[in-house]
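The structure under discussion appears below in the form of structure tokens.
Here, each number is a calculation from the coordinates, and none is a lab measurement. Since we're looking at a predicted model, the values are computed, not measured. Backbone-built Cβ (ideal geometry, glycine too); neighbour counts: all protein chains shown.
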Amino acid sequence: MKPAILVTRAIFPEVLTKLEQYFDVESNQDDIIFSPTELAGRLKGKVGTLATASAKINTELLQQLPDLKVVASMAVGYDNIDLAACTAHGVMASNTPEVLNETTADFGWALLMATARRVTESEHWLRAGHWTKWRFDSFLGADIHGATLGIIGMGRIGQAIARRSTGFDMKVMYHNRSRLSTEQEAYANNAQYVSKEELLQQADHVVLVLPYSAASHHTIAAAELAMMKPGATLVNLARGGIVDDQALIAALREKRIAAAGLDVFENEPKFHPDFLTLSNVVLTPHIASASETTRRAMANRAADNLIAGLTEGRPRDWLNP
Ligand code: DGY
């Protein structure tokens, strides 16, 4: 008999086929969102699971699952997984790093440019039939070229975003837990390491790509927004909890910063309804890594981690060895 696993959400069919060579797979191609109780019920007797960032893997769940050995998450961010609890319960956890860096950086630029140059706002206006004449002052936005880009969280995705800025003749500043090597800074368009305060005061465009944790909760709140330039743009590609929504809504409403682009929200798929009342915010449904190639690569990498974890006792992207 093959060992039993659960794939918690809908996935590419070829990835299920691959997993079926090794395991007795319970899948969820109808993409039902399981409550924590349903998830625990489905995971009973399973030795592994391929999950997504929406599954909360914590003590409460793990203590009900003595057979579980591997949680392979299809995401680079793993704030949904309590690694200490996994270790305490003998569960190997893995994520999908590297494969999504470039695609996420591409999208960071798409969101930054759409936000700074008011692309979606002007399109909605056009579609609503308001365009009757050209005007010199219609939808004036902020320049990207020649501006100062501030990146908070200078991991691989942050560095990939910085590298792309060379074509726009931008100055790059970054803030990170630790400073990059001189070579890495040079490769990241000569990025300059600064304090968070200095970055917020000087950047024209601020991009958030840091991991979410208790320490990074509300990295951007009222005090930080108050430090930003009045014409600045804020883009969040990381996790919703990094920004204090109430403070951001107030800053956008009072035009204390020009605009924000948000791909992530604290209680996805829910988001603060006041965002819908603001024209200076671009909202996207957590799609930064969503290219055809990259999502397939993420799914395959998660499947390979699950297979390696259960057959060799060693997932490639093991988070809690
Ligand atoms: C990630 O990989 O962390 C993306 O945000 C998708 O969840």
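Working from label points 7 Å from Cα in the Cα-to-Cβ sense, the L83 to L126 distance is 4.6 nm. Modelled spin labels at L283 and D169, positioned 7 Å past Cα toward Cβ, are 3.7 nm from each other. Dividing the alpha-carbon radius of gyration of the chain by the rule-of-thumb value 2.2 N^0.38 Å gives 1.08. So, counting K/R as plus one and D/E as minus one, what does the shell of residues with Cβ under 11 Å around N189 add up to? After counting each charged neighbour, the total is +1.
The residues packed around I5, meaning those with a beta-carbon under 13 Å from its beta-carbon, carry a net charge of +2 if Lys and Arg are +1 and Asp and Glu are -1.
Here the simple spin-label model places points 7 Å from the Cα toward Cβ, and for Q246 and R179 these points are separated by 3.8 nm. Of all the options W125, W134, W109, the one that moves most in a Gaussian network model of the chain with Cα springs shorter than 10 angstrom is W134.
The translational diffusion coefficient of segment 89-221, from Stokes-Einstein at 20 °C and 1.002 mPa s with a Kirkwood hydrodynamic radius over alpha carbon pairs, comes to 129 µm²/s. For a modelled paramagnetic label at Q63, 7 Å from Cα along Cα-to-Cβ, no residue of segment 17-48 is in reach, as no backbone nitrogen comes under 13 Å.
Largest GNM mean-square fluctuation among A303, A88, A105, using the chain with Cα springs under 10 Å: A88. Within segment 68-151, the trypsin sites (Lys or Arg not before Pro) that combine a DSSP coil assignment with at most 10 other C-beta atoms in a 10 angstrom radius are K133, R135.
Assuming R0 = 56 Å, can you tell me the calculated FRET efficiency for the pair T17 and K196, based on Cβ-Cβ distance, to the nearest 0.05? Efficiency computed from Cβ-Cβ geometry: 0.75. With r as the distance between the Cβ atoms of H217 and N28 and R0 = 22 Å, compute the FRET efficiency 1/(1 + (r/R0)^6) and round to 0.05. In this case the efficiency is close to 0.15.
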